[in-house]
Amino acid sequence: MYDKRQDLKKLEKRTRRKNVKSFDDISKDEKRREKLLAKLARKTESIKKQGNNIGIFGLTSTGKSTMINSLLGRKLAEIGIGETTKEMTPYHGTRYTLWDTPGRNDESAYTNQEYISFIKGLTRRLILIQYTIKEILNLIRLLDDLGLGYDIVVNKFDDIDEDEQAKFQRQIQREISSLKLKRKKNVFFLSARYPRMFPNWLEMVHYLTEECFDYDDCIPTHTDSESNSDSSSSSDTDDDN
């Protein structure tokens, strides 16, 4: 059986044999590597799952576990200092299954066929950030290359001073424009720790529970620059309360 990583290994060997004389040489090799990684990822088949499966992506300490617990209305995901998730972990609710993922932004994940198959088979993909899109830009670039939609969630928005929040929102929007993100659907500014604090939380929950058979055909809710007045919280277990 053909190993899809063989091409990548050949590129790495060629790079080591080359006499790299400048940063431009390194940059060219990195671009070739990125293209090859995307090509290998496109060849990987998706693992289809039943139901509404939502992937939660983000670096360590972006609040993934708190996000999962708040969406489910129960403390299921472990919250701690440092990386607590070592593999893709499902948490089942009544209206969706949330998948916690290891916090990383390295290319080694992209050569893992299981990981690529996993992200291809998701209904939706939430990319959690705290201060900048660049925190997890490698994954975002991969999703763009694969034509897979995703939503950006700016978590811990409560950490930003109230008089600086509008400026911070504009900063994130400028980043998105300058980086030319191709498959971004929505941008939510919220706090998973204090869901009632910002209206984007309720809007995100409604969006996540919408029936959507093709993620790329889902209509964005356009929450990129909405006001942050107080609103009611909603979770996956509202029907059970």
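The numbers here are math on the coordinates, done by the rules we state, and not lab data. Keep in mind the model is a prediction, meaning the values are calculated, not measured. Using ideal geometry, Cβ is built from the backbone for each residue, glycine included, and neighbour counts are taken over all protein chains shown.
Once fully extended, how much extra length lies between His92 and Thr132, figured as 0.36 nm per residue of separation less the alpha-carbon to alpha-carbon distance?
Details: separation 40, 0.36 × 40 = 14.40 nm, distance 2.95 nm.
In short, 11.4 nm is gained.
Between Asp161 and Arg196, the modelled label-to-label distance comes to 2.7 nm, taking each label 7 Å out from Cα in the direction of the beta carbon. Placing dummy labels 7 Å off each Cα toward the beta-carbon, the span from Leu76 to Glu210 is 2.4 nm. For Met197, Met204, Met88, the sequence from fewest to most other C-beta atoms within 10 Å is Met88, Met197, Met204.
Ranked for footprinting exposure by Cβ neighbours inside 10 Å, fewest first, Asp159, Asp145, Asp100 give Asp159, Asp145, Asp100. Computed from phi, the 3J(HN,Hα) profile of the stretch 154-159 under the Karplus parametrisation 6.51, -1.76, 1.60 (θ = phi - 60°) reads 8, 8, 6, 5, 5, 6 Hz, with x in place of Gly and Pro. The length gained on full extension between Ile47 and Arg32, counted as 0.36 nm times the residue separation minus their Cα-Cα distance, comes to 2.7 nm.
Under Stokes-Einstein, with the Kirkwood radius over Cα pairs standing in for Rh, what whole-number D in µm²/s applies to the stretch 149-194 at 37 °C and 0.692 mPa s? If you can, show how the numbers build up before the last one.
On the way: Rh = 11.4 Å.
D, rounded to a whole number, is 289 µm²/s.
Measure up Lys48/Lys134; Lys134/Lys167; Lys43/Lys134; Lys134/Lys156 against 21 Å on the Cα-Cα distance and list the ones that go over. Mind showing how you got there, number by number?
Values: Lys48/Lys134 29 Å; Lys134/Lys167 18 Å; Lys43/Lys134 26 Å; Lys134/Lys156 16 Å.
Check vs 21 Å cut-off fails for Lys48/Lys134; Lys43/Lys134.
Applied to the stretch 171-185, the Karplus parametrisation 6.51 cos²θ - 1.76 cosθ + 1.60 on θ = phi - 60° returns per-residue 3J(HN,Hα) values of 4, 5, 5, 5, 4, 4, 5, 5, 7, 6, 5, 8, 10, 5, 9 Hz, with x for Gly and Pro. With the simple model of a label 7 Å out from the Cα in the direction of the Cβ, Ile176 to Ser61 spans 2.6 nm. Computed from backbone phi with θ = phi - 60° and the Karplus coefficients 6.51, -1.76 and 1.60, the 3J(HN,Hα) list for the stretch 130-137 is 10, 10, 7, 4, 5, 4, 9, 5 Hz; x is used for glycine and proline.
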